[in-house]
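Okay, structure first, notes after.
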Amino acid sequence: MSDKVKKKSKVPWGLIFNIIIVCFTIGLIIYFIFSEDGFIDLLNSGLKINVFWIIMALAMHFLNLGIDTTIIYLFVRETTPGMTFRKALVASMVGQFYCAITPSSTGGQPMQILYMSRMGIKGANATSVLIQKFLVWQFTLTVCSVISMVLRFPLFAEKLDFTMWMLTVLGFSAQVFMICALLLASFSKKSTTSLLTGLFRLLAKLHILKNVDEKIKKLDAQLTTFHESNKELTKNKGLVIEAYVLTFIQMMAFFLVPYCISMSFGGDFNVFDMLCAQSYVTMVSSLVPIPGASGAAEYCFSTFFSGFFDPQTMKSAILLWRTITYYGTIVIALPFAGVKKNKTVVEVIEAAQEAEENDAIPEEVSKA
């Protein structure tokens, strides 16, 4: 049997998984709309929804997307004088779209780099910009997580079962570990390379990792790029401060969406408590390696926001929150992503994953 025949006969587990995720997500939407105490029941209950606060929730998310575009624009124009805000908007929306449809948001940055390269931005510059942006975002998110854990963990701890309690601690530990790793990689490339090379060698001896020499070579190149990007970031102190301030505002805008939804239902809660609740939701759901953390995000929301929404409004709150921050983002970003109209959602996900693995835009995605 030829290699071509063997390849065709292989079970497409990735495709099957993506179909399951798409069907599961659609099932969740239907459940939150039509089940008992769902959105239809809420509309029929006579509860007056304050449309102003729904508009404010939308405004907060648009502010989040707008700041994301602005940060990309500020970073890119440092190395590419011809950069325009429109190009930054396209790059931002491409990232938003492919982050939303790929596991653990892994498809976002590879597709952004490829699209930015087609815009005339050097691949090395595009990579550097996205690394710098990631550094600022991760540091800001970790600081917010630390503040939430220190000041408000007792408020939420009593609502958590053992599993969710452990996931919260694990999510927080992952954030702290990420920052430690970023700091080590930023300021000591040699130590980072030695540690990871040793880990790769160990995994190879345990027959867990293959082609170890090739992976170490690739790792060294990535760490060099990362280290140089961090050095470039720290040169412009004004840009660093501006990026951190904007990222903090961006994060707060995203975290305020549930607060606006609660206000639309007539709630009147402590805004800081709700910001912390969203911080926990983001921290824990990010551990789940499926597109949009579908299922996990909804479950985390129902757990951490149980003190802010009653059983009659919880499902509707989750539906509105996910529609604004996740499903809505996909719809908004889709026209910028250059996806051909005759392609299904599953095929688009496959295209993004192929781009991530092969560093090339496949045929399923049209030219920008």
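Data overview
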item: Some residue of the range 279-290 being of a type outside the set (A, V, I, L, M), more than 28 Å from L170 (Cβ to Cβ) and modelled with pLDDT under 95; result: no
item: Within the range 84-99, considering residues that are free of Cβ contacts under 8 Å to residues at least 12 places away in the same chain and in contact with a helix residue (DSSP H, G or I) (Cβ under 9 Å, 6 or more places away or on another chain), the one surrounded by the fewest Cβ atoms within 10 Å (Cβ to Cβ); result: T84
item: Residues satisfying the stated conditions in the range 136-186, i.e. touching a residue at least 40 places away in the same chain (Cβ under 8 Å), over 25 Å from T70 (Cβ atoms), of a type outside the set (V, I, T) and assigned to a helix (DSSP H, G or I); result: S148, L151, R152, L155, F156, M164, L167, L170, G171, F172, A174, A185
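The values are calculated or read from the model by the stated rules, or taken from the named source; none is laboratory data. From a predicted model like this one, the values you see are computed outputs, not experimental measurements. Cβ coordinates were reconstructed from backbone atoms using ideal geometry, including for glycine residues, and neighbour counts include every protein chain displayed.
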